[in-house]
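The values are calculated or read from the model by the stated rules, or taken from the named source; none is laboratory data. Treat the numbers as computed from the prediction; the structure is a model and nothing was measured. Counting neighbours? That spans all protein chains shown, and the Cβs are built from the backbone with ideal geometry, glycine included. Ligands, DNA and RNA are stripped out before the accessible areas are found, and what is left, the full protein with its side chains, is counted by its heavy atoms. Shrake-Rupley method; radii C 1.70, N 1.55, O 1.52, S 1.80 Å.
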Amino acid sequence: MAIILLLVIALGGLGFGVVYFFLNQPETDKNVATATAANSSDNNQVSTQNNVNFSELFAELGLDNNGGETNASGVFYKDGILVASKTYCLPSDYAPGESWEARSAFESMAEDARNQGIELTAFSTYRDYATQERIYNRYVQADGQAAADRYSAKPGCSEHQTGLAFDIGGPDSSRWAETTFDGTREAVWLEQNAHKYGFIMRYPQGKEHITGYMPESWHYRYIGSQATDIYNSGLTLEEYLGI
């Protein structure tokens with residue numbers, strides 16, 4: 001009798017355990033489904049958060065995709081170098097005037113050149129937005145926009161507006177801003193020595209597809225201490241800065 005009683009109790013406990021398992025199994029599945037859904041939701045949220053328009057974000061932060069930065073005045077810098085080009089233009093109200101540092105460097109260069117029998121003249125330096133606008137429009141009217149865009153900057157995109165660009169020629173003014181300046185004693189001396197004074201030839205031969213402008217042996221841009229590195233690299237400013 002005792003054995004039968006124990007057997008009944010054992011079977012009853014087993015039955016209760018089975019019933020309890022099945023009663024709780026749907027809730028367990030529900031918890032798993034809930035957790036899976038939550039994880040899926042989190043993943044979707046992460047995916048949504050990662051779908052960011054970085055161009056807009058960089059713009060809001062004053063940054064450029066190439067690692068440059070646009071300051072509060074709307075002027076673009078990369079590695080401490082102010083950039084003005086067809087891609088990075090200046091605000092119409094940006095009017096710093098001619099850089100005293102660039103002028104001082106030019107005067108030092110001109111004096112050293114003079115001691116070597118080379119006469120240099122900076123015949124065009126700073127131009128404000130309005131002046132560049134008049135010049136550009138005149139070229140467009142004369143030659144058409146496609147031709148003008150090869151040798152003249154649109155207003156706001158000219159290096160001359162930075163006050164750091166110097167168009168340099170020799171004693172013969174008929175060669176100023178002309179391809180006839182190429183190969184002259186002054187042009188050769190500048191190409192070989194200007195970097196020592198912080199200047200680089202901005203639009204060299206064979207680089208129009210990069211700079212956007214035809215070669216100009218007279219157009220020099222004051223960079224400062226990095227000019228020699230750029231000169232030795234054989235790269236344009238765009239290539240050197242990776243922009």
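At a glance:
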quantity: Residue, farthest from the chain's Cα centre (by Cα), within the range 186-213, restricted to residues that are without any contact (Cβ under 8 Å) to a residue 24 or more places away in the chain and assigned to a helix (DSSP H, G or I); calculated: V188
quantity: Out of I135, I230, sole residue that is under 19 Å from the mean Cα position of the chain (by Cα), β-branched (V, I, T) and assigned to a helix (DSSP H, G or I); calculated: I230
quantity: Odd one out for Y126 among (1) part of a helix (DSSP H, G or I); (2) hydroxyl-bearing (S, T, Y); (3) surrounded by 14 or more Cβ atoms within 10 Å (Cβ to Cβ); calculated: (1)
quantity: Test for F181: is it aromatic (F, W, Y) and within 21 Å of the chain's Cα centre (by Cα); calculated: no
quantity: Residues (open to solvent by less than 60 Å² (accessible area, probe 1.4 Å), of a type in the set (A, V, I, L, M) and not in a strand (DSSP E or B)) located in the range 81-123; calculated: A84, L90, A102, A105, M109, A110, A113, I118, L120
quantity: Pairs where the first residue, in the range 122-143, is within 13 Å of T162 (Cα to Cα) and of a type in the set (D, E, K, R) and the second is in a helix (DSSP H, G or I) and open to solvent by less than 40 Å² (accessible area, probe 1.4 Å), C-beta under 9 Å, 6+ apart; calculated: R127/I135; R127/H160; R127/Q161; D128/H160; D128/Q161
quantity: Any chance S152 is free of Cβ contacts under 8 Å to residues at least 60 places away in the same chain, under 15 Å from K86 (Cβ atoms) and open to solvent by less than 10 Å² (accessible area, probe 1.4 Å); calculated: yes
quantity: Breaking point among (1) in contact with a Gly (Cβ under 8 Å, 6 or more places away or on another chain); (2) modelled with pLDDT under 50, for N24; calculated: (1)
